[in-house]
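A.B. asks: Sending over a structure as C-alpha cells; questions will come in a sec.
Each value in this text was obtained by applying a stated rule to the coordinates, not by laboratory testing. Keep in mind that what you see is a predicted model, and the values were worked out from it rather than measured. With ideal geometry, Cβ positions are generated from the backbone for all residues, glycine too; neighbour counts draw on all protein chains shown.
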Amino acid sequence: MAALDDTARVALWADFMRQASSTRVDLALTKSQLRAAVDATDDWIEANQGSFNAALPQPARSVLTAKDKTKLFMAVAGKRFGVF
Amino acid sequence: MATGDTLVVFTPASNLSGDFQYVAYTSGDTEPTVGDTIWGDTSNETAVLEYYEQQSGTWGGSDSAGFMIFSNPSDAGGWSSGENWTANTTTPSNDGTFTSVPVNCAATFDTANNVLVLDFDATVNEVALFQGVMPDHYDGGGLTITLGVTSTTATGDMSWFIFLKSLTDDVDNLTNVGTDPSGLKVFAAPNTNIAFDAASVAGEVAYGTITFSNGADMDSIAAGELFFLLLMRDAQDGTADDMAADAELVFIKVAET
C-alpha cells in the first residue's frame, strides 16, 4: 500500500483537528507541528509495513488481508494505549 | 457619547446562517472584482464574489492562486470539482480554476460547558454574519470591535478578518431580485487581527480587537443605519493562523473608538 498523497494527508490532518476539538481534547500543538506528525506517521508506516508483516506468524501472515492486518494493528495498539 | 462606549453586542445566537462558500483557486489570469458573478463553466453554477485574496503568482502571469468567498450560490451543491471559472459572463473565458468544489463555510453552533459558541474550523476559512443598526448616539469616532474567543487549546494563534457593509436608506440593494445577483451591495475591504493569541489556558476566553476608522474604512456606516458584520477566520493561512483547533466565538462587542 502506497503512502498517502498530500490531499489525503491534508484531509486526515483536518479531520484529526476537528475530532480533537469536538471531543474537547487539547492537542497543545500548532497546525504545522501536527501536520509534521501526520507526515511522519505515514512515512513510518510506509517504511515499516514490511517488518510488521514479517513479524506476523503463519498462518495469519498468509490468511489475513492487508485490511485485516491493519485492523489487527489498530486493535492491539488501541488497547495498549487505551484508545479503544 | 463617550469614547469606548458600547454600541452593539453580538452573541452566537445573533448569527445569521449565511449561504457562504469557500474555495481555493489557481491559474488565475483575469482579476475579478468583489461583487462580480462567478460562473462555473462546467457546472453552470453562479455565485456572488464577496472576497478574494491572491496569495501567490500574478494575474498577468496567469498563475494567480488564492481563495474566494462566495454568497448567493445558485445551487449550493452544484459546483464541479476543479472546474474553470469566469466572471460576469457565461461565455467561458477561463479566468481561473477552482482547486476543489466550493464548500459551505458558515461557522457552526456548538456549546462549551453549556455556553453557546460558534465554531470556526482550523483548516477551511469559515464565516459568520451578523446584522445590526448603528445606534443614533454613534458620534463618528470609528469602531473598536472586540472578539471573545475560546478554544480547546492554548497553543498557537488565530487570524481574524472583519468585513462591514452599510445599507443606506433607499440606496443599497439588500437582496438579489431576479436572476442576476450582481447588483447586491457588497462588503468593504476587511480589517484584520492576524496575531490573535489563543487564551493562555484552554477554556479561557481571549479578548482581541480589530479597529476601523470612521468613514470609508467602515463602509461609512452612519448613526441609525442598517449594517452587516461578516467575521472570517483565515484558517487556510497556516502561518498567521497556526492554532490546531476550532476557534469558538463567544461574543462580539462593537464600541466607539
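A.B. asks: Find which of A:Asn48, A:Val10, A:Phe84 sits farthest along the positive direction of the dipole of chain A, computed with +1 on the beta-carbon of Lys and Arg, -1 on that of Asp and Glu, about the Cα centre.
C.D. replies: Checked the options; the winner is A:Phe84.
A.B. asks: In straight Cα distance, which lysines are under 26 Å from B:Lys165, not counting same-chain residues fewer than 8 positions off?
C.D. replies: Once the sequence-local lysines are set aside, what remains near B:Lys165 is B:Lys185, B:Lys253.
A.B. asks: Related question: Give me the one-decimal nm value for the distance between modelled label points at B:Leu16 and B:Thr30, 7 Å along each residue's Cα-to-Cβ direction.
C.D. replies: Placing both labels 7 Å along Cα→Cβ, they lie 3.1 nm apart.
A.B. asks: Give the span of segment B:104-184's Cα atoms along each principal axis, as three whole-Å numbers ordered largest to smallest.
C.D. replies: 46, 39, 25
A.B. asks: Can you classify chain B as rounded, prolate or oblate using the Cα gyration tensor, where a ≥ b ≥ c are the square roots of its eigenvalues, rounded means a/c under 1.5, and otherwise it's prolate if a/b beats b/c and oblate if not?
C.D. replies: Note, shape of chain B comes out oblate.
A.B. asks: Could you point to the residue in B:Leu167, B:Thr211, B:Phe70 farthest towards the positive end of the protein assembly as shown's charge dipole, with +1 and -1 charges on the Cβ of Lys/Arg and Asp/Glu respectively?
C.D. replies: Of the candidates, B:Phe70 comes out farthest on the positive side.
A.B. asks: Between beta-carbons, use under 13 Å as the cut-off and find the net charge around B:Gly224, counting Lys and Arg +1, Asp and Glu -1.
C.D. replies: My count for the surroundings of B:Gly224 gives -4.
A.B. asks: May I pose another question? Go through segment B:207-217 residue by residue and turn each phi into a ³J(HN,Hα) via Karplus (6.51, -1.76, 1.60, θ = phi - 60°); whole Hz please, and just put x for glycine and proline.
C.D. replies: Going residue by residue, I get 9, x, 10, 9, 10, 10, 6, 5, x, 4, 4 Hz, with x marking Gly and Pro.
A.B. asks: Oh, and also: Give me the lysines in straight-line cross-link reach of A:Lys71: C-alpha distance below 26 Å, same-chain residues under 8 apart excluded.
C.D. replies: Partners within reach: A:Lys79.
A.B. asks: I need the shape label for the protein assembly as shown. Rule: rounded when a/c is under 1.5, else prolate if a/b > b/c, else oblate, with a, b, c from the alpha carbon gyration tensor.
C.D. replies: oblate
A.B. asks: Search the structure for amide H atoms under 5 Å from the amide H of B:Trp160, placed 1.01 Å from N in the peptide plane, and list their residues when 5 or more places away or on another chain.
C.D. replies: Amide H neighbours of B:Trp160, under 5 Å, 5+ apart: B:Asn193, B:Ile194, B:Ala195, B:Phe196, B:Asp234.
A.B. asks: Which one, B:Thr86, B:Thr33, B:Thr46, has the greatest fluctuation when you compute a Gaussian network model over chain B with C-alpha springs under 10 angstrom?
C.D. replies: Taking springs between Cα atoms under 10 Å, the residue moving most is B:Thr33.
A.B. asks: Can you give the mean number of other chain Cβ atoms that lie within 10 Å of the Cβ atoms in peptide B:238-244?
C.D. replies: Partner-chain Cβ atoms within 10 Å, mean over residues of B:238-244: 5.
A.B. asks: Net charge around B:Asp5, counting only other residues with Cβ within less than 10 Å of its Cβ (Lys, Arg = +1; Asp, Glu = -1)?
C.D. replies: Taking every Cβ under 10 Å from that of B:Asp5, the sum is -2.
A.B. asks: Can you give me the C-alpha center-to-center distance between segment B:187-257 and segment A:1-72, rounded to a whole angstrom?
C.D. replies: Taking the Cα centre of each part, segment B:187-257 and segment A:1-72 sit 36 Å apart.
A.B. asks: Here is a follow-up. Going by how many other Cβ atoms sit within 10 Å of their own, how do A:Met17, B:Met134, B:Met243 line up, fewest first?
C.D. replies: Ranked by crowding around the Cβ, least crowded first: B:Met134, A:Met17, B:Met243.
A.B. asks: Grab the Cα-Cα distance for B:Asn44 and B:Leu116, subtract it from 0.36 nm times how many residues apart they are, and report the gain in nm with one decimal.
C.D. replies: Extending this stretch completely gives an extra 22.1 nm.
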